[in-house]
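**Q** Here you go, one structure.
The values are calculated or read from the model by the stated rules, or taken from the named source; none is laboratory data. Since we're looking at a predicted model, the values are computed, not measured. Neighbour counts run over all protein chains shown; Cβ positions are idealised from the backbone, glycine included. Ligands, DNA and RNA are excluded from the accessible area calculation, which covers all protein heavy atoms including side chains. Shrake-Rupley method; radii C 1.70, N 1.55, O 1.52, S 1.80 Å.
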Amino acid sequence: MRSVAVLISGRGSNLERIVAEVGDGCLSGVCDVVVVVSNRSTAGGLEIARRAGIPTCVVPSRGLDADAYGQRLLETLEPWRVDALILAGFMRVLSPAVIGRYRGRIVNIHPADTAEYQGMDGYGWAFQRRLAETTITVHLVDERVDTGRVLAQEMVSLQGATTLDEVKRRGLAVEHGLYSRALRRWFQSEGRLWTASAGGRTPCAES
Ligand code: GAR
């Protein structure tokens with residue numbers, strides 16, 4: 001079974017679903033969430049992790065450039081010896097050092113087709129253009145923003161969605177199912193080929 005860190009910045013609804021699927025769903029016996037890391041101390045997802053008994057670490061990013069933040073992140077993650085990083089609404093660009101350390105083992109979910117739109121607020125982008133549909137993407141993370149290899153995609157109909165909230169509601173409903181299914185396939189195909197992690201868990205202090 002693969003051990004993962006989930007990285008968040010906010011609400012944590014994708015984290016919540018992943019934790020549920022690990023407990024009693026399609027990720028059961030596939031991976032284990034050993035730590036949740038947030039760059040914001042106010043992220044709602046931290047409380048979801050605590051309720052589930054998962055250790056949390058806050059690594060504040062404010063005022064740090066990508067390289068400086070990446071260094072802190074690496075220092076925080078290293079003792080946990082995780083096999084993979086799962087980004088679930090994590091709103092910082094990872095530094096080349098972090099990508100290099102976990103190359104091919106970092107996954108993100110993006111609320112748009114990464115071939116069409118990269119960056120923040122993918123639902124706002126779709127809503128402003130009054131798109132009839134949008135495509136959720138699960139992809140590997142590389143050195144550039146939202147350019148890594150696509151692992152899975154699913155279309156969301158936006159027909160009749162007259163508010164941004166409705167666009168987000170429909171999109172998130174698809175995200176939650178797609179992410180866990182894509183992670184399961186990824187761990188069971190590519191993840192099986194990885195060399196074993198060193199194991200070991202060391203608690204970290206929230207700050
Ligand atoms: C999700 O819609 C996710 O796709 C998006 O942030 C939201 C997090 O929601 N991620 C990005 O935009 C990454 N570029 P959650 O905190 O409820 O999982």
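**Q** Leaving ligands, DNA and RNA out of it, report the carbon-plus-sulfur percent of the accessible area of segment 1-82 at a 1.4 Å probe.
**A** On segment 1-82, the fraction of accessible area on carbon and sulfur atoms equals 45 percent.
**Q** Relative to the compact globular guide of 2.2 N^0.38 Å, what is the alpha carbon radius of gyration of segment 5-108, as a ratio? Working shown, then result.
**A** Numbers: Rg = 12.9 Å, N = 104, 2.2 N^0.38 = 12.8 Å.
The reported ratio for this selection is 1.00.
**Q** Right, next: Report the FRET efficiency, 1/(1 + (r/R0)^6), for Glu75 and Leu193, where r is their Cβ-Cβ distance and R0 is 30 Å, rounded to 0.05.
**A** Between Glu75 and Leu193 the formula returns 0.60.
**Q** Please give the calculated 222 nm ellipticity per residue for the chain, where each DSSP H segment of at least 4 residues contributes -39500 (n - 2.57) and the sum is spread over every residue; nearest 500 deg cm²/dmol?
**A** -10500 deg cm²/dmol
**Q** Go through segment 1-109 and name the trypsin sites (Lys or Arg not before Pro) that are in a DSSP coil and have 13 or fewer other Cβ atoms within 10 Å of their Cβ.
**A** When the trypsin sites (Lys or Arg not before Pro) of segment 1-109 are filtered for loop state and at most 13 Cβ neighbours within 10 Å, Arg62, Arg103 remain.
**Q** Which percent of the Cα-Cα distances in the chain go past 29 Å?
**A** Distances greater than 29 Å cover 20 percent of the Cα pairs.
**Q** Read phi for every residue in segment 167-176 and hand back ³J(HN,Hα) as whole Hz from Karplus 6.51 cos²θ - 1.76 cosθ + 1.60, θ = phi - 60°, with x for Gly and Pro.
**A** 4, 5, 4, 5, x, 5, 4, 6, 3, 4
**Q** Among DSSP bridges having both ends in the chain, what percentage is antiparallel? Round to the nearest 5.
**A** Counting DSSP beta bridges with both partners in the chain, the antiparallel share is about 40 percent.
**Q** Given a Förster radius of 35 Å and the C-beta distance between Ser157 and Met120 as r, what FRET efficiency does 1/(1 + (r/R0)^6) yield to the nearest 0.05?
**A** E(calc), rounded to 0.05, equals 0.95.
**Q** Sorted from largest down, what three extents in whole angstroms do the Cα atoms of segment 81-166 have along their principal axes?
**A** 46, 20, 20
**Q** To check my understanding: the extent here is largest minus smallest coordinate of the Cα atoms along each principal axis. What are those three numbers for segment 125-195, in Å, largest first?
**A** 48, 25, 15
**Q** Which order do the peptides 175-181, 20-26 take when ranked by the mean count of other beta-carbon atoms within 10 Å per residue, highest first?
**A** Descending packing order for the listed peptides: 175-181, 20-26.
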